[in-house]
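I have placed the structure first, in the form of structure tokens, so that the comments after it can refer back to it.
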Amino acid sequence: MQMQTGTASQTNEKPETAKKLVEIKDLKKYFSVTSGTFRKNTQTVRAVDGVTFDVFKGETLGLVGESGCGKSTLGRCILRLYEPTSGEISFDGQNITQLKSEYLRSLRRRMQIIFQDPYASLNPRMTVGNIIGEALVIHKLFADIAERQKRVAELLSIVGLRPEALFRYPHEFSGGQRQRIGIARALAVDPQFIVCDEPVSALDVSIQAQIVNLLQDLQAEFGLTYLFIAHDLMIVKHISTRVAVMYLGNIAEVAPSSELYVDPKHPYTRALLSAVPIADPTRKKSRIMLKGEIPSPINPPSGCKFHPRCPEVMEICSEVTPPLIHISEKRQVACHLY
């Protein structure tokens, strides 16, 4: 998989000097689930359980972790696609946590999402032109149909598709082409911030690099800010300025990409990186094998949620939840080892 190097997202090694675009404080999202014969037993899934971090303007913050750790839920809460249970979300200095629907609609122009599944995220009954142009109609950006079609054709060209594609339907395109359509839809209203929810995980490996390179080119051209959610650590390493590691609804570590992959601090981060394959067969790499399975978010462990599987567990780990603290100017870790 060939990817571009020296992209804009990797040149900003000091995001703390940039302006904060998104600020998340103690964000929680709980889901109620019922069980039993008569659906009387109600339990709570703690999908996101007290997350705090910032996204700086112009950067790409990678969000990684095992499946089910709450990455996608977190991304959708930030966009208010899911209503947070508690906590605070600020966008460009404005608290949007309790923003009413009439005000939230205007904010949608500045915050968009690229979905994981390019097959399920496009309406099969709509033409590509209508799919991309729908947001233009909702936000009343182009009253004239001809002008709207011209804008859609321009967007298709930007993402590498022929303008005549606007008259065709999603089933006529490959997975990679459909994801390009999804990207064009996200770009239609000139957003500042885009949540990329595992945008390449459903694609062939040969196509993934093309989409990642496209996202980087668009970021450089339009000054976009990304929250890039993924489970492929090598793709995240390539595209991200900084990386946040998530485990069972909490942030375990945040660090610049260039530092995290060289010197991971949290035991969970070290275990994740030890599982990344090495292309060079002459190099040997010791694998950190975690014991047990990921605990249920319905009944998470006390103290540090990682302690039942941690190879460096201490007595305090099962009793006290470690806060996410700065161990250096650029690095944060939630671990009692620091």
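Every number here is computed from the coordinates shown, using simple stated rules; none is lab data. Not measured: the values here are computed from a predicted model. Quick reminder, even Gly has a Cβ in these numbers, built from the backbone with ideal geometry, and neighbours come from all protein chains shown.
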**Request:** May I ask for the net charge around Val137, where only other residues with Cβ less than 14 Å from the Cβ of Val137 are counted and Lys, Arg are +1 while Asp, Glu are -1?
**Result:** +4
**Request:** Can you tell me the order of 216-227, 61-72 when each peptide is scored by its average per-residue count of other Cβ atoms within 10 angstrom, highest first?
**Result:** 61-72, 216-227
**Request:** Compute the signed sum of charges (Lys and Arg +1, Asp and Glu -1) over the other residues within less than 11 Å, Cβ to Cβ, of Asp197.
**Result:** 0
**Prompt:** Extent of the range 35-135 along each principal axis, from alpha carbon coordinates, in Å, largest to smallest?
**Reply:** 47, 38, 32
**Message:** Starting from a Cα-only point model with no solvent, please compute log10 I(q)/I(0) by Debye for the chain at q = 0.07, 0.12, 0.13, 0.14 1/Å.
**Reply:** -0.31, -0.90, -1.05, -1.19
**Message:** For the range 264-338, I need the span (max minus min coordinate) of the C-alpha atoms along each principal axis, in Å, sorted largest to smallest.
**Reply:** 43, 34, 21
**Request:** Subtract the Cα-Cα distance of Gln43 and Ser157 from 0.36 nm times their separation in residues, and report this length gain in nm to one decimal.
**Result:** 36.2 nm
**Prompt:** What's the Cα-based Rg to Rh of the range 77-129, Rh via Kirkwood?
**Reply:** 1.06
**Message:** Here is the link list: Lys237/Lys265; Lys100/Lys237; Lys71/Lys140; Lys305/Lys330. Which ones come out longer than 26 Å on Cα distance?
**Reply:** Lys100/Lys237; Lys71/Lys140
**Prompt:** Which ³J(HN,Hα) values, rounded to whole Hz and listed in residue order, are derived for the range 59-74 from phi using the Karplus coefficients 6.51, -1.76 and 1.60 in 6.51 cos²θ - 1.76 cosθ + 1.60 with θ = phi - 60°, glycine and proline given as x?
**Reply:** 9, 10, 9, x, 10, 10, x, 5, 4, x, 7, x, 4, 5, 4, 4
**Item:** Protection-proxy order for peptides 163-176, 190-203, 318-331, 299-312, each taking the mean of Cβ atoms within 10 Å per residue, highest first
**Value:** 190-203, 299-312, 163-176, 318-331
**Cα gyration tensor category, rounded, prolate or oblate, for the range 155-257 with a/c compared to 1.5** = prolate
**Request:** Lys and Arg at +1, Asp and Glu at -1: add these up for the other residues within a Cβ distance under 12 Å of Ile288 and post the number.
**Result:** +4
